[in-house]
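Written below as structure tokens is the structure these notes are about.
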């Protein structure tokens, strides 16, 4: 009887450990501390907005974006019209979340990437999101990169090996 309890406890402890992957195409991939996000070309911000939205590599708006495909919103403090020039941002942290979006089964899955730049100090974060049902689940960092197209690119820091 005791060996069975030991095995059950070991399986319980193993199942409680978080999964991790070094592959941005994996849902278990976490953007490592010290990674960077580069804005590769000028990003226009419309009058009265404090954000720009990119979906499938193209600029879009709140009214025209497809909620069921990943879109990413660069958030800033200052209102447009303006142009955010190419820059490299330090990623200070990321947070994944979800909230009820529509009806009992549609969830808004999102990832917030908090940014810092000495040049564009009013840039707050990049928020990528998609509406999906519970079976579709969240999205990967690679899928975020595809949504951003050639506007942005990630440079991942090498994770600390402990």
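Within the span defined as the range 100-109, one or more residues are within 25 Å of residue 23 (Cβ to Cβ), surrounded by 17 or more Cβ atoms within 10 Å (Cβ to Cβ) and touching a residue at least 24 places away in the same chain (Cβ under 8 Å). Does the range 15-23 contain at least one residue that is closer than 17 Å to residue 148 by Cα, surrounded by 11 or more Cβ atoms within 10 Å (Cβ to Cβ) and in contact (Cβ under 8 Å) with a residue 24 or more places away in the chain? Checked the range 15-23: no residue is closer than 17 Å to residue 148 by Cα, surrounded by 11 or more Cβ atoms within 10 Å (Cβ to Cβ) and in contact (Cβ under 8 Å) with a residue 24 or more places away in the chain. Just give me the residues in the range 128-139 being surrounded by fewer than 19 Cβ atoms within 10 Å (Cβ to Cβ) and closer than 23 Å to residue 23 by Cβ, in sequence order. Listed by number, the residues that qualify are 135, 136, 137, 138. Among the residues examined, residue 105 qualifies as more than 13 Å from the chain's Cα centre (by Cα) and either closer than 21 Å to residue 146 by Cβ or modelled with pLDDT under 95 (or both). Check whether at least one residue in the range 139-153 is in contact (Cβ under 8 Å) with a residue 12 or more places away in the chain, in a loop (DSSP other than H, G, I, E, B) and within 10 Å of the chain's Cα centre (by Cα), and report yes or no. The answer is yes; a qualifying residue exists. Of the residues making up the range 95-117, just one is in contact with a helix residue (DSSP H, G or I) (Cβ under 9 Å, 6 or more places away or on another chain) and more than 12 Å from residue 138 (Cα to Cα), namely 113. Checked against the criteria, residue 81 counts as modelled with pLDDT of 95 or more and more than 23 Å from residue 142 (Cβ to Cβ).
Checked against (1) within 20 Å of residue 45 (Cβ to Cβ); (2) touching a helix residue (DSSP H, G or I) at 6+ places or on another chain (Cβ under 9 Å); (3) surrounded by 15 or more Cβ atoms within 10 Å (Cβ to Cβ), residue 73 meets all criteria but (2).
The values are calculated or read from the model by the stated rules, or taken from the named source; none is laboratory data. Just so it is clear, the model here is predicted, and its values are computed rather than measured. Heads up, the Cβs are rebuilt from the backbone with ideal geometry, glycines too, and the neighbour counts pull from every protein chain shown.
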